[in-house]
Amino acid sequence: MEAKLNDNTSLGINVKWLIQIIVVAAMVVWGYFGLTSKISHLETDVIRMKDSVLMNSEFRVKWPLGQLGALPDDAEQNMRLRFIEKDMEVMEAHVDTLRIKSVQQQELHNPPHPFLPAAGYPKETETGGIR
């Protein structure tokens, strides 16, 4: 028996099986599009991550070198440090003047003896004696 397919060929199939085939085909199509959507979403995420890694690498290298600017907190901290340095210079100058005044006060209250040398007394002579 030869079966020839043409326009008049009829196919006898159960309606229950026809509905199951349609449902299975619909689920396969739905699954395929779901997978392709998920894959394209993941590819987009990978591209974003690569860009973030590249930007982070650039940031990691350039930030410590000062090539990307400074934080506002850094600018404020630098300003405060400059102010403290100026204060320290004024205080050091004031301490120096106080030291000079202290030395002058000691010289006024404890004048050196007019007959003794000011520093290094007693001194040894070349012959080993004390002068």
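Computed from the coordinates by the stated procedures, all read-outs in this text should not be read as laboratory data. Every value quoted in this text rests on a predicted model; they were computed, and no experiment measured them. Neighbour counts are summed over all protein chains in view; Cβ atoms, including those assigned to glycine, are modelled from backbone coordinates with ideal geometry.
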Taking the Cα centre of segment 14-75 as the origin and placing charges on Cβ (Lys, Arg +1; Asp, Glu -1), which of HIS41, GLN20, GLY66 is farthest toward the positive end of the dipole? GLN20
Could you give the dipole magnitude of segment 14-69 about its Cα centre, charging the beta-carbon of Lys and Arg +1 and that of Asp and Glu -1, in debye to the nearest 20? 80 debye
Residue-ordered couplings for segment 78-91, obtained by feeding phi - 60° into the Karplus form 6.51 cos²θ - 1.76 cosθ + 1.60 and rounding to whole Hz (Gly and Pro as x), are 4, 4, 5, 5, 4, 4, 5, 4, 5, 4, 5, 4, 5, 5
Run the paramagnetic zone check for ASN78: 7 angstrom along Cα to Cβ, then residues of segment 43-64 with backbone nitrogen under 18 Å. 62-64
Estimated FRET transfer efficiency when R0 is 41 angstrom, pair LEU54-MET91 (beta carbons, to 0.05): 0.25
